Amino acid sequence: MSEKLANDAVVDRAIASINGLHVDGGEVFLRDGQSTSIEVRDGEVENAITRGERGIGVRVLRGGHVGFAYSSDLSPDGIEDCVSAARDIAAVTEPDGDVSIATRKIDSPDLQLYEAGSEGRSVMERTNVAFAVERAAKNVDPRISGFRKTTYSDGSMTTILATTADVRGTYLETYFSVGTSAVATAGEERQVGYHGEAKRRFAAVDPEAVGRRSAELAVGKLGAQPFKTQTLPIVLDPYMGMALLGALVPLFSADSVIKGKSLFAGKIGAPVASERVTIVDDARTPGALRSAPFDGEGVTTTTRTLVEKGILRGYLSSLKTAKKMDQAPTGNARRGSYATPSRIGAANFHLAAGTVAPDLLITGLERSLHITSLLNLHTIDPISGEFSLGATGDYLEKGERRYPVQGITIAGNLTTLLSSITGVANDLTFGSSGLGSPTFVISELSIGGA
Amino acid sequence: MAVTENDAARALRTALSRGGEWAELFWERQNVVTLTLDDNKLEDAITGVDQGAGIRVTAGDRGVYANGNVNDGDDLLAIAGRAAAAIAEDGRMREIAAVSADELPRPSVVRIDPRTVPIERKVRLMKLANERARAFDPRVHQVTVLYRESVQDVVVANSDGRFRTDTRTRLVFGVLVTAKQGDVLESGYKAKAGTEGFEMLSEETVLETTETAARLAVQNVAAEPAPAGTYTVVLASDAGGTLIHESVGHGLEADLNLKGMSVYSGRLGQKVASELISVVDDGTDPGKRGTQAMDDEGTQTHRTVLIENGILKTYLNDKKHARKLGIPESGNGRRESFRHLPICRMTTTMIAPGASDPAAILASVKDGIFVKGMGGGQVDVVSGNFAFEITECYRIRDGKQAEPLRGATLVGQGPKLMSEIDMVGWDLGYSVGTCGKDGQGAPVADAQPTLRIPSVVVGGKVTAKKAKA
């Protein structure tokens with residue numbers, strides 16, 4: 001049996017190993033996580049899955065060159081090999097004087113990201129959450145005929161970040177999630193509705209709400225009709241709103257801005273959206289899904305207003321891009337896992353709530369389309385800002401639902417979309433991706449159809 | 001570590017020590033190198049190794065799966081113990097069959113292992129691409145070049161005595177070009193990818209890939225937006241096969257059909273497409289991105305005819321669903337890594353070539369849209385509604401390719417679209433991608449001949465004239 005090192009000892013070894021090389025410095029990121037998923041369908045358990053992941057990612061700096069290596073072999077030899085691999089591969093990169101490691105002490109308050117005791121939770125208690133989701137969905141309507149899959153998951157993770165400049169931080173986090181795809185059947189027609197939630201605490205997950213919304217989405221699509229090609233005002237509820245808002249994040253990346261790949265380049269202080277639009281990236285709200293005390297480079301995270309009443313106020317930065325722009329880093333170098341280096345990303349990114357109730361927002365619209373699902377969100381081009389998506393929706397007159405539609409597209413540009421937001425409601429909701437949105441209205445979009 | 005037949009037998013015995021009927025071990029080691037050249041700089045260089053295993057125990061329809069990173073035999077036994085504890089049914093010990101190795105033929109030949117190629121040579125190809133893209137047109141504004149190599153060593157063993165290994169060497173060389181004209185930014189992306197060795201990346205291939213990406217970016221920045229509405233569409237074979245992947249492929253995966261969740265459920269032997277349409281999934285097509293000797297349950301890959309002249313023949317399956325549906329094993333049980341259970345997935349999926357002259361198909365359309373490039377797509381298998389991205393298209397005027405149009409989306413319903421296709425060309429073109437399903441990515445390829453769709457919804461911008469309609 002090879003020697004097993006504890007997490008802190010692994011990080012200490014890796015830092016010592018970097019210090020033993022003739023390099024300018026380095027950074028070690030360790031993640032140790034366990035998770036459980038229960039997949040059920042129609043009241044039966046199909047699969048119970050337990051996962052473990054443990055590994056390190058090492059970044060080594062040498063004369064402006066930077067190399068990254070990762071390994072799941074955390075034996076003393078494995079750590080040594082990983083550090084050497086990072087040093088060796090650094091040689092092929094081109095030097096960049098703005099590359100650096102964190103040197104400032106991390107401000108790490110308790111952000112309430114961890115709930116103790118989840119490891120001891122019985123399989124039955126976990127399974128019951130998934131069963132409760134299916135029961136709630138079935139109670140919505142007799143036309144709910146089954147489920148594609150219902151999954152309950154939870155997990156806990158330890159993250160440690162250390163640099164050779166004596167920066168070191170650790171935090172624990174947990175998550176609990178449940179989601180289902182309910183299927184509604186009427187004659188030959190079948191429609192599906194997906195909904196899921198993710199929270200930091202077990203009791204915060206609401207299986208009733210998850211089941212209900214997925215069932216309502218599925219049933220609501222039954223009898224969907226083709227729709228004429230036209231332009232109409234578009235209503236996005238919080239879940240559809242956050243799906244589109246997610247595509248905006250790359251436009252705020254300082255890396256994309258510097259490289260001329262963002263439509264927001266050179267627009268600080270200029271209008272980029274309607275004055276109803278305020279966009280915030282928040283990494284410090286206790287208990288929120290994407291809150292974290294420090295980012296993937298060991299920089300203390302922040303909460304910032306990126307767009308204030310339509311005016312662009314800031315970008316999302318890493319250490320390197322902050323130095324290039326001569327600004328303070330914002331703590332947005334996010335880490336997906338130990339095997340991937342930091343990439344600029346958002347925390348709890350959201351469109352700030354307006355003041356009116358959603359109903360009041362839409363009753364004033366003579367004719368409009370409320371989007372109920374979107375296909376192909378991953379094809380939105382963050383460089384051109386262009387999107388063209390498959391969609392289903394509800395056709396509304398004076399805010400009243402007339403009939404569901406399918407087989408349509410909505411298309412436009414993200415920048416035009418932001419400047420055409422004519423109303424924002426007060427129902428800000430955060431979803432399982434960590435994004436948040438209230439209901440909002442876009443004055444006009446192209447709808448492709450019959 | 002390298003897992004031996006003895007290690008596997010020990011782990012499988014432990015897995016079945018507290019009940020359960022069948023057990024399986026999946027072990028992998030994946031070595032990855034990723035290089036990114038951006039903004040004229042070789043900016044990111046990543047290398048790593050991930051080693052882990054997953055052990056599955058089943059009892060009837062119930063399954064448990066335990067997985068984690070492993071470095072030695074003790075780690076492996078610990079995972080087997082976790083799986084055993086989770087199944088803990090009747091506590092009865094099951095015997096396992098003698099574990100013995102057998103070799104499967106490897107469909108893809110790797111002549112040059114990328115790990116033996118000096119990294120400087122990889123970087124040189126990336127710089128060549130960067131230079132060529134920048135020289136292509138003054139409107140080229142930014143260039144990103146990505147190189148990724150992965151070598152995945154796999155062992156699959158199960159309590160039926162199976163012990164099989166496979167090595168999947170996969171390369172991706174991608175070029176993303178941004179073009180700028182006034183305030184308009186557009187991008188063009190092209191990738192060359194396959195289950196092949198470094199011989200795949202000749203200078204000619206790299207330059208061809210680069211020029212396609214640059215041409216698309218420059219063309220799009222000057223193009224008018226595609227219109228919105230219903231049009232006759234010709235899909236060129238160059239466009240690759242996102243259409244077949246989304247509109248039909250996912251709907252033919254057995255897991256969804258067993259549950260009656262697909263528009264193709266319960267329709268074996270029935271007509272589900274025009275008689276011009278035959279659909280094949282081929283995990284043995286040498287060098288293609290979806291190709292491997294065996295799937296991730298150790299079942300040999302196959303060339304599977306799914307639809308023959310419009311008639312549904314079988315579904316793409318893994319062991320569990322082949323058994324439950326009473327159909328032959330097709331070798332389509334794939335998983336992203338040891339962290340996941342295998343699910344029914346495509347490999348290289350295609351519409352088989354037909355009898356029409358591709359040029360005649362284009363010439364037959366008076367007014368329509370000519371699609372020469374497809375990007376990502378998505379399908380709702382329950383309703384059959386799908387969407388896919390058009391990355392390169394042109395207006396057809398009087399049977400000829402006319403002005404380019406900026407990308408759009410094409411939407412429809414699988415079975416309906418497949419029954420409406422009325423011309424199928426004798427050519428065949430491939431495309432590559434990474435398919436996502438249930439949170440797992442899988443390398444795939446798709447292919448199709450030139451096709452004519454008489455009437456389908458194109459999602460672009462509503463023109464003034466259409467808006468009044």
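Tell me which of these residue B:421 doesn't satisfy, since it passes every other one: (1) at the interface with another protein chain (Cβ under 9 Å from one of its Cβ atoms); (2) within 23 Å of residue B:349 (Cα to Cα).
All conditions are met except number (1).
Only one residue in B:133, B:157, B:129, B:88 is modelled with pLDDT under 95 and of a type outside the set (Asp, Glu). Which one? I'd like the intermediate steps shown before the answer.
Values: B:133 fails: modelled with pLDDT under 95; B:157 fails: modelled with pLDDT under 95; B:129 fails: modelled with pLDDT under 95.
Criteria check complete, one pass: B:88.
If you take the residues in segment A:408-423 that are open to solvent by less than 30 Å² (accessible area, probe 1.4 Å) and touching a residue at least 60 places away in the same chain (Cβ under 8 Å), which one is farthest from the other protein chains (Cβ to nearest Cβ)?
Only one residue fits best here, namely A:423.
Against the conditions (1) in contact with a helix residue (DSSP H, G or I) (Cβ under 7 Å, 6 or more places away or on another chain); (2) surrounded by 21 or more Cβ atoms within 10 Å (Cβ to Cβ); (3) of a type outside the set (D, E, K, R), where does residue B:48 fall short? Just the number, please.
(1)
Sort out which residues of segment A:330-345 are more than 13 Å from the chain's Cα centre (by Cα), open to solvent by 10 Å² or more (accessible area, probe 1.4 Å) and within 18 Å of residue B:50 (Cβ to Cβ), and write them in order of number.
A:337, A:339, A:340, A:341
Select from segment A:204-216 the residues that are among the aliphatic types (A, V, I, L, M) and closer than 20 Å to residue A:40 by Cα and list them in ascending order.
Selection gives A:205, A:209, A:210, A:215.
Within the group A:66, A:10, which residue is without any contact (Cβ under 8 Å) to a residue 40 or more places away in the chain, within 14 Å of another protein chain (Cβ to nearest Cβ) and not polar (S, T, N, Q)? Spell out how you get there, then give the answer.
Details: A:10 fails: without any contact (Cβ under 8 Å) to a residue 40 or more places away in the chain.
Going through A:66, A:10 in turn, just one is without any contact (Cβ under 8 Å) to a residue 40 or more places away in the chain, within 14 Å of another protein chain (Cβ to nearest Cβ) and not polar (S, T, N, Q): A:66.
Which pairs do you get when a residue that is modelled with pLDDT of 95 or more, found in segment A:309-335, comes within reach of a residue that is open to solvent by 50 Å² or more (accessible area, probe 1.4 Å) and acidic (Asp, Glu), reach meaning Cβ atoms under 9 angstrom, with the pair 6+ apart or on two chains?
Pairs that qualify, where the first residue is modelled with pLDDT of 95 or more and the partner is open to solvent by 50 Å² or more (accessible area, probe 1.4 Å) and acidic (Asp, Glu), are A:309/A:275; A:310/A:275; A:311/A:275.
Is it the case that residue B:226 is within 14 Å of chain A (Cβ to nearest Cβ), farther than 27 Å from residue B:171 by Cβ, crowded, with 24+ Cβ neighbours inside 10 Å and of a type in the set (A, V, I, L, M, F, W, C)?
So residue B:226 fits the description; yes.
Just need a number here: residues in segment B:177-209 that are in a strand (DSSP E or B), open to solvent by 40 Å² or more (accessible area, probe 1.4 Å) and of a type outside the set (S, T, N, Q). Can you show your working first?
Initially, segment B:177-209 is screened for residues in a strand (DSSP E or B), giving B:177-181, B:184-194.
Checking which are open to solvent by 40 Å² or more (accessible area, probe 1.4 Å) leaves us with B:180-181, B:184, B:189-190, B:192.
Filter once more, keeping what is of a type outside the set (S, T, N, Q): B:180, B:184, B:189-190, B:192.
Final tally of qualifying residues: 5.
Could we say that residue B:212 is within 13 Å of another protein chain (Cβ to nearest Cβ), surrounded by fewer than 24 Cβ atoms within 10 Å (Cβ to Cβ) and either touching a strand residue (DSSP E or B) at 6+ places or on another chain (Cβ under 7 Å) or under 14 Å from residue B:390 (Cβ atoms) (or both) here? Let's see the steps before the verdict.
Working: within 13 Å of another protein chain (Cβ to nearest Cβ): no; surrounded by fewer than 24 Cβ atoms within 10 Å (Cβ to Cβ): yes; either touching a strand residue (DSSP E or B) at 6+ places or on another chain (Cβ under 7 Å) or under 14 Å from residue B:390 (Cβ atoms) (or both): yes.
Taking the combined requirement at face value, the residue does not satisfy it.
So which residues in segment B:184-214 are under 30 Å from residue A:229 (Cβ atoms) and touching a helix residue (DSSP H, G or I) at 6+ places or on another chain (Cβ under 7 Å)? Reasoning before the result, please.
Here is the first cut: in segment B:184-214, the residues under 30 Å from residue A:229 (Cβ atoms) are B:184-189.
Within segment B:184-214, B:184, B:186, B:187, B:188, B:189 qualify.
Could you check, for segment B:162-176, whether at least one of its residues is outside any strand (DSSP E or B), open to solvent by 30 Å² or more (accessible area, probe 1.4 Å), over 23 Å from residue B:239 (Cα atoms) and among the β-branched types (Val, Ile, Thr)?
no
Which residues, taken from segment B:422-440, are without any contact (Cβ under 8 Å) to a residue 12 or more places away in the chain and touching a Lys or Arg at 6+ places or on another chain (Cβ under 9 Å)?
Selection gives B:434 alone.
Which residues, counting only those in segment B:34-54, are out of contact with any strand residue (DSSP E or B) (no Cβ under 6 Å at 6 or more places or on another chain), closer than 14 Å to residue B:124 by Cα and either in a loop (DSSP other than H, G, I, E, B) or more than 7 Å from every other protein chain (Cβ to nearest Cβ) (or both)? Give the steps one after another, and end with the answer.
So the first thing to find is which residues in segment B:34-54 are out of contact with any strand residue (DSSP E or B) (no Cβ under 6 Å at 6 or more places or on another chain), and the list is B:39-42.
Now narrow it down to the ones that are closer than 14 Å to residue B:124 by Cα: B:40-42.
Correct list: B:40 only.
Scan (1) part of a loop (DSSP other than H, G, I, E, B); (2) open to solvent by less than 10 Å² (accessible area, probe 1.4 Å) for the single condition residue B:427 breaks and write down its number.
For residue B:427, the failing item is (2).
Only residues that are among the acidic types (Asp, Glu), farther than 12 Å from residue A:439 by Cβ and away from chain B (no Cβ under 14 Å): list them for segment A:354-394, please.
Selection gives A:366, A:394.
The values are calculated or read from the model by the stated rules, or taken from the named source; none is laboratory data. Being a predicted model, the structure only gives us computed values, none of them experimental. We place every Cβ from the backbone using ideal geometry, glycine too, and count neighbours over all the protein chains shown. Heads up: the accessible areas ignore ligands, DNA and RNA and are worked out on the full protein's heavy atoms, side chains in. Shrake-Rupley method; radii C 1.70, N 1.55, O 1.52, S 1.80 Å.
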